[in-house]
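Beneath this line is the structure, given in structure tokens, with notes to follow.
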Amino acid sequence: MVVEAPPCPQSGNGFANGSAKPKVYRDEAERRRYEHHEADVVIIGAGIAGCTLAVALGNQGRSVILLERSLKEPDRIVGELLQPGGVRALEQLGLRDCLEGIDAVRTYGYDVIYFGNGVKIPFPSDANDKILEGRCFHHGRFIMCLREAAAANPNVTIVETKAVSTIKSTHTGEVLGVQCQTDGKQDFYFGPLTVVADGYASTFRKEYLPIQPVAKSKFWGLELIDAKLPIPGHGHVVLGDFPPILIYQIGEHETRILIDIPDNLPSASVANGGVKGHMRNVVLPSLPECIRPSFEAALEKGGFRSMPNSFLRPVTNRIPGLMFLGDSLNMRHPLTGGGMTVAFNDVVLLRDLLSPEAVPDLSDTKLVLKQLSKFHWQRKSLISVINILAQALYSIFAAGGKLILSRRLLLGSGY
Ligand SMILES: Cc1cc2nc3c(=O)[nH]c(=O)nc-3n(C[C@H](O)[C@H](O)[C@H](O)COP(=O)(O)OP(=O)(O)OC[C@H]3O[C@@H](n4cnc5c(N)ncnc54)[C@H](O)[C@@H]3O)c2cc1C
């Protein structure tokens, strides 16, 4: 299924795969996207990274095909707290409006509760002494706004299809495009640059990247209804002699709680009642009293969901015609909520490195690879801080015990 941008005056509303009405195209590039499945860039995955890259490149006049296996609103426990550095990057991409109209909650910092004692840690201030703001929201609502922004871009066509493999030149090994399954039928999309942005469980990573993610714990998520938070407008991190717990309000009535459970945690063993046992016996008594009633209600309701907390070191893209972006390329523990900030800042950097001024023709694979090597090194200045902070804080907090909490260390976490 091809998703249309809102109809422009001169365009019809035909579908590439067989509408009765002949389609009137905006331009030749759109005709090539629909009829030949061909563009400058083919992106796999209309998630956090894929949508924003599609808009950024589309704004530069590149012809983009964005492939997504399901265009339904995602219902996930990830990507719900956007750091101020992510808000800023979104603004640089002209996409800040995507944070409006989704019942997002303004966030001004953290309340770190350490063995019952809270420390309020505001986000850093800007040059005018104004505290920078983050946002918390329902992930699915935010994604739908990003997809709408991509669909509204005249140079982007979104296709609902599942990418199954890359198409490679037998002579040069260069990636030429993507093979897909659309409604059970084989389908093909071609472009000089294919971007893999298919998320944490990437189908393509195994084939092309020399390293794979490591996950030693999971976050288990519950949704609390009308929870009372100690400091509204702040993320809460609950620490003690147990693995870390994160709490943040994602809508007017909904609050997310994420509970880290490492592999083989004794308090979550079958003998101790499993995950629910850990939640009841360890988490419940450790929470601030005001949160307990909503947590108990969520515990009774059940339907917990989990996600692996992965670490994946980034590597340089060396494959002609292909690049990885977002979680398929690089992951860190989500304790500090850094993944979306990384993805948006990566897109800002790529937009500049792959601009038509820097790379007039994306089929110049040598030049593209040179720019992608620059991308690998230039992203380090910001991204390494996020990656290292996330892994280091998790190692400290998951260790439990009486550690001295450094306020200065945490103050950097506004990115
Ligand atoms: C438990 C948990 C909580 C998190 N919380 C936060 C947080 O609060 N803040 C934060 O910044 N980060 C958070 N993260 C990280 C954040 O969610 C990711 O970094 C971010 O979503 C990565 O974006 P992405 O575009 O790479 O992947 P995704 O956003 O997952 O997008 C991938 C897209 O690709 C599509 N896709 C997959 N396979 C195919 C295929 N074969 N064909 C076509 N389409 C395909 C998927 O349907 C999806 O739409 C969290 C992570 C975890 C595990």
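Coordinate-derived values only; no laboratory data. Note that the structure is predicted; figures quoted are calculated from it, not measured. Reconstructed Cβ throughout: ideal geometry from the backbone, glycine too, with neighbour counts over all protein chains shown.
Numerical summary
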item: Angle between the chain longest axis and helix 48-59 axis [Cα atoms, degrees, rounded to 10]; result: 40 degrees
item: Kirkwood Rh in Å, taken over all unlike Cα pairs in segment 132-241; result: 18.7 Å
item: Viscosity 0.692 mPa s, 37 °C: Kirkwood-radius Stokes-Einstein D of segment 240-393 over Cα pairs, µm²/s; result: 177 µm²/s
item: Among A215, A297, A152: highest mean-square fluctuation, GNM of the chain, C-alpha pairs under 10 Å; result: A297
item: Amide H contacts of V159 (H built 1.01 Å from N, under 5 Å, at least 5 apart or other chain); result: V3, L66, L67, E68
item: Vicinal HN-Hα couplings computed from phi for segment 254-263 (Karplus, 6.51 cos²θ - 1.76 cosθ + 1.60; Hz; Gly/Pro x); result: 10, 10, 8, 10, 10, 10, 7, 10, x, 4
item: Sequence ranges 369-380, 71-82, ranked by mean other-Cβ count within 10 angstrom, highest first; result: 71-82, 369-380
item: Inverse mean reciprocal Cα-Cα distance (Kirkwood Rh) of segment 40-159, Å; result: 15.7 Å
item: Those lysines that a straight Cα-Cα span of less than 16 Å connects to K72, excepting residues fewer than 8 apart in one chain; result: K162
item: Gaussian network model of the chain, Cα within-10 Å springs - most flexible of E289, E38, E300; result: E300
item: Kirkwood hydrodynamic radius of segment 326-369, Cα pairs, Å; result: 12.0 Å
item: Stretch gain in nm, segment E100-F188, where the contour uses 0.36 nm per residue and the Cα spacing is subtracted; result: 28.1 nm
item: Residue pairs, from the table K206/K374; K168/K366; K206/K301; K120/K374; K218/K380, whose Cα atoms sit over 28 Å apart; result: K206/K301; K120/K374
item: Potential lengthening between H253 and K380 on full extension [0.36 nm per residue; Cα-Cα distance subtracted]; result: 41.9 nm
item: Gain upon complete extension [A152, A392; 0.36 nm per residue less C-alpha separation]; result: 82.4 nm
item: Nonlocal amide H pairs with T107, under 5 Å, H built at 1.01 Å; result: G134, R135, C136
item: Table column - 3J(HN,Hα) (Hz), segment 83-94, Karplus curve with 6.51, -1.76, 1.60, x for Gly and Pro; result: 5, x, x, x, 4, 5, 5, 4, 5, 4, 8, x
item: Kirkwood hydrodynamic radius (C-alpha pairs) into Stokes-Einstein, the chain, 20 °C and 1.002 mPa s, D in µm²/s; result: 95 µm²/s
item: Angle between the chain longest axis and helix 380-399 axis [Cα atoms, degrees, rounded to 10]; result: 30 degrees
item: Backbone HN-Hα couplings from phi across segment 236-252 [Karplus 6.51/-1.76/1.60, Hz, Gly and Pro as x]; result: 10, 10, 9, 10, x, 8, 8, x, x, 10, 10, 9, 8, 7, 10, x, 3
item: Cβ-Cβ FRET estimate between K370 and N59, R0 fixed at 30 Å, reported to 0.05; result: 0.85
item: Cα-projected label distance for N272 with F304, points at 7 Å along beta-carbon direction, nm; result: 1.2 nm
item: Sequence-distant residues sharing a close amide H with V164 (under 5 Å, placed H); result: Q179, C180, Q181
